[in-house]
Amino acid sequence: MHHSPEPHDLDTGTLAHFVGAAAVSAVQDELAAQGFADLRVSHGYVFQRLLDAPPTIGELAEKLGMTQQGASKAVDELERLGYTERLPDPRDARVRRVWLTPRGHEAIASARRAREALEERLRRRLGEESLATVRSLLTELLDELGGTEAVRRREVRPPR
C-alpha cells in the first residue's frame with residue numbers, strides 16, 4: 001500500500017525546489033493580476049541582463065549561456081510583447097543594443113513589488129525571527145551546494 005508523500009517525507013533539495021517553485025508561481029500570479037500575464041519565468045532571466053547596461057545580442061547570449069540564435073529568439077518575443085526594443089548604439093550605429101521599454105521597466109517594478117509582498121506574507125506566517133533563520137539556513141545550503149558564487153556574480157542561468 002502506497003501513501004501519498006507528505007512534504008516532511010521529501011529530501012531537503014526537493015522540498016527547497018518545491019518551495020521555490022511555489023514562490024515563483026505566487027509572483028507570476030501577482031504579475032498576471034497587475035496586467036503582465038504574458039510574462040514567463042524565463043523572461044526574468046533576460047530582464048536581469050538588461051538592468052545594468054543594454055547588451056548586444058552576442059553579449060546577452062554569453063551572459064545567459066545560450067546561442068546567439070536563442071538569445072535573438074528570446075528578444076524577438078519580448079519585443080513583440082512590448083518589453084524590449086533593439087536600438088542603434090549611440091556611439092556606433094552599426095551596433096544594435098537591447099533596451100527595456102517603459103513597459104519592461106514597469107514589469108520589473110511590478111515583479112519587485114510582488115516579491116516584497118510575498119516576503120511580507122512569509123514574515124506574517126513565520127514571524128521575523130523564524131523567517132530570518134530559514135533564510136540563513138537556505139543561504140548556508142546554497143553555499144554548501146556551490147551556488148553562492150553564481151548568485152553573487154548574477155550568473156544564475158535558466159534551468160537546463
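Details
- Label-point gap, in nm, between Ala132 and Glu116 - each point 7 angstrom along Cα→Cβ: 2.1 nm
- Angle in degrees between helix 12-33 and the longest Cα principal axis of the chain, rounded to the nearest 10: 50 degrees
- Measuring spread by the Cα atoms of the stretch 25-95 yields a radius of gyration and Dmax of 13.3, 42 Å.
- Taken about its Cα centre, the chain carries a charge dipole of about 640 debye when Lys and Arg each add +1 at the Cβ and Asp and Glu each add -1 at the Cβ.
- Dipole axis of the stretch 48-113 (+1 Lys, Arg; -1 Asp, Glu on Cβ), positive-most option in Leu81, Val98, Ile57: Leu81
- Surface share of carbon and sulfur [accessible, 1.4 angstrom probe, percent] for the chain: 54 percent
- One decimal place: the segment Val41-Glu77 gains 11.6 nm when fully extended, by the rule 0.36 nm per residue minus the C-alpha distance.
- Angle of helix 102-126 to the longest C-alpha principal axis of the chain, folded into 0 to 90 degrees and rounded to 10: 10°.
- Cα radius of gyration and Dmax for the chain (Å): 18.6, 69
- Distance in nm between pseudo-label sites at Ala150 and Glu106 (7 Å out along the Cβ direction from Cα): 3.3 nm
- Residue-normalised accessible area of the chain, expressed per residue, 1.4 Å probe, Å²: 71 Å²
The values are calculated or read from the model by the stated rules, or taken from the named source; none is laboratory data. Just so you know, these numbers come straight off a predicted model, no measurement behind them. As a convention, Cβ positions derive from the backbone with ideal geometry for all residues, glycine included, and neighbour counts pool all protein chains shown. When the accessible area is computed, the model is the full protein with side chains, heavy atoms only, and any ligands, DNA or RNA have been set aside. Shrake-Rupley method; radii C 1.70, N 1.55, O 1.52, S 1.80 Å.
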